[in-house]
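*Asks:* Would you mind keeping the following structure in view while I ask a few things?
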Amino acid sequence: MSGLARRDAGAGTTAKTGVNAGIDIGGTKIAVLIVDRDGLVRGRATHATSVGDQATAAPAIAAALDEALATANLQRDELDAIGVGVPGRVDPVAGHVTLAVNLGWTDFDLRGALENELGRPVVIENDARAAALGLHRRRAATGANGSDLAYLAVGTGIAAGVVLDGKLHRGTRGLAGEIGHAIIDPEGPRCACGQSGCLEAFASGPSIARRATAAGLHATSAKDVYAAAVAGDATACELVDDVGRRLAWAVHLLVMTYDVDHVVVGGGVSHAGSAFAEPIHRELERLRAVSSQAGELLPAHIVEVLPPEAEPGAWGAVAVATAIRVPDRPRETEVVRHG
Ligand SMILES: [Zn+2]
């Protein structure tokens, strides 16, 4: 029996509460939001610990969820569904995480493990894809125009999620938006994927720290590098300018490829604030000035760098949970369940 059929059968047996949970799994943390049907946050929790290996992941996620439920004064069985965003390759139909390099997971039936642990319907999705869907839903809820959106996440890795015509665009293998592995300089550093000169090898958090160290700075993280730039260190300033240029090219590439009407930039590295955002905006301004096409397709107001408190991953996971449960969005159900 397919997951969709099983879930539809289950949906009739319990009254809906309109309350869903979104769980964002990162390399070093688990963030949970409990959100009601009006989009209001009822509870939240952040565990600053690794989710662990495949054997211990479900109990670790359940512990974080229970903590959030306690802040909301709710029980597990009062949740309609639970959405989970995973930093890796996901098969949302099978409910499997095919590969999550940073978590050390391979061919992991995460949905099965969580449904056994929690006794509630679970939907899993790639984290950047989920975040794009959530950002799109929130913009739609605020009455913003536009059916197309791209989200560029810059953190431990770099990935994008793309919503086209109001629907999450996955591509044939669920990998649409893997822009971190677009080659932007074939002479560039070796990437973990095996290619040389991928965007991620220049501008992910670990790459920024590595490049800073190679340039003689004492930096253990991208955060250190941005702090040094803010303090006026010339080497750090040069490096964050270079990172900003390359990320601006990624924004440009997303717009030129998909002709989206909104591009959102977020992820852990973006939490450096204006030191992160300004070099991106400067380069976009330069691109606009030299190309009328860039000027037309990439006006200043379509690019938004999220504030650190935005939590796009957890909101995206909520959106994924909501998507399979809302009856007047059958196309969404189809996307989630059948690719
Ligand atoms: Zn790569």
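*Asks:* Run the quick spin-label model on Ala63 and Glu296: label points 7 Å from Cα toward the beta carbon, then report their separation in nm to one decimal.
*Replies:* 5.6
*Asks:* On the accessible surface of segment 56-156, probed at 1.4 Å, how many percent belong to carbon and sulfur atoms? All intermediate terms of the calculation are to be shown ahead of the outcome.
*Replies:* Details: 1710 of 3700 Å².
Whole-percent figure for carbon plus sulfur exposure: 46.
*Asks:* At 7 Å along Cα-to-Cβ for each site, give me the label-to-label distance between Ser147 and Ala70 in nm.
*Replies:* Calculated label separation equals 4.6 nm.
*Asks:* If you average the C-alpha positions of segment 266-292 and of segment 26-51 separately, how far apart do those two centres end up, in angstrom?
*Replies:* Distance between centres, Cα-based: 29 Å.
*Asks:* On to the next question. Please give the FRET efficiency for Thr56 paired with Arg282, using the beta carbon to beta carbon distance and R0 = 45 Å, rounded to the nearest 0.05.
*Replies:* 0.50
*Asks:* I've got another one for you. Given a Förster distance of 30 angstrom, what is the FRET efficiency for Arg210 paired with Lys29, based on the Cβ-Cβ distance and rounded to 0.05?
*Replies:* That gives a FRET efficiency of 0.85.
*Asks:* Whats the longest run of the chain with zero trypsin sites (Lys or Arg not before Pro) that are DSSP loop and have at most 15 other Cβ atoms within 10 Å? Don't skip to the end; give the middle numbers.
*Replies:* Details: sites that count: Lys16, Arg37, Arg173.
So the longest stretch without any such site is 174-339.
*Asks:* When only C-alpha pairs under 8 Å and at least 6 residues apart count, what is the relative contact order of the chain, in percent? Walk me through the numbers before you get to the answer.
*Replies:* Working: 713 pairs, mean separation 61.9, N = 339.
18 percent.
*Asks:* Here's a follow-up. Would you please give the FRET efficiency between Leu164 and Ala227, computed as 1/(1 + (r/R0)^6) with r the Cβ-Cβ distance and R0 = 45 Å, to the nearest 0.05? Before the final figure, lay out the partial values.
*Replies:* Working: r = 38 Å, r/R0 = 0.83.
Using R0 = 45 Å, I get an efficiency of 0.75.
*Asks:* Ok, one more. Could you state the number of Å between the C-alpha centres of segment 120-159 and segment 178-239?
*Replies:* Here the two parts' Cα centres lie 25 Å apart.
*Asks:* Leaving ligands, DNA and RNA out of it, report the carbon-plus-sulfur percent of the accessible area of segment 195-303 at a 1.4 Å probe. Provide the component values of the computation, followed by the final result.
*Replies:* Working: 2570 of 4830 Å².
Reported share for carbon and sulfur atoms: 53 percent.
*Asks:* Would you mind computing the Rg to Rh ratio of the chain from its alpha-carbon coordinates, Kirkwood style for Rh?
*Replies:* Working: Rg = 19.9 Å, Rh = 20.4 Å.
Radius of gyration relative to Kirkwood radius: 0.97.
*Asks:* Something else: Ignoring ligands, DNA and RNA, what accessible area per residue does the chain give at 1.4 Å, in Å²?
*Replies:* Working: 14830 Å² over 339 residues.
Here the residues of the chain average 44 Å² of exposed surface.
*Asks:* First check a/c for segment 97-247, with a ≥ b ≥ c the square roots of the eigenvalues of its C-alpha gyration tensor; if it is under 1.5, answer rounded, and if not, answer prolate when a/b is larger than b/c or oblate otherwise. Working shown, then result.
*Replies:* Values: a/c = 1.99, a/b = 1.57, b/c = 1.27.
Prolate, since a/c reaches 1.5 and a/b exceeds b/c.
*Asks:* Something else now. Extension gain Val93-Ala289, at 0.36 nm per residue separation less the Cα-Cα distance, in nm?
*Replies:* On the way: separation 196, 0.36 × 196 = 70.56 nm, distance 4.44 nm.
Going from the current span to full extension adds 66.1 nm.
The values are calculated or read from the model by the stated rules, or taken from the named source; none is laboratory data. The model shown is predicted, which means the values in this text are computed figures rather than measured ones. Every residue, glycine as well, gets a Cβ built from its backbone with ideal geometry; the counts of neighbours run over all protein chains shown. SASA here: full protein model, heavy atoms, side chains in, ligands and nucleic acids out. Shrake-Rupley method; radii C 1.70, N 1.55, O 1.52, S 1.80 Å.
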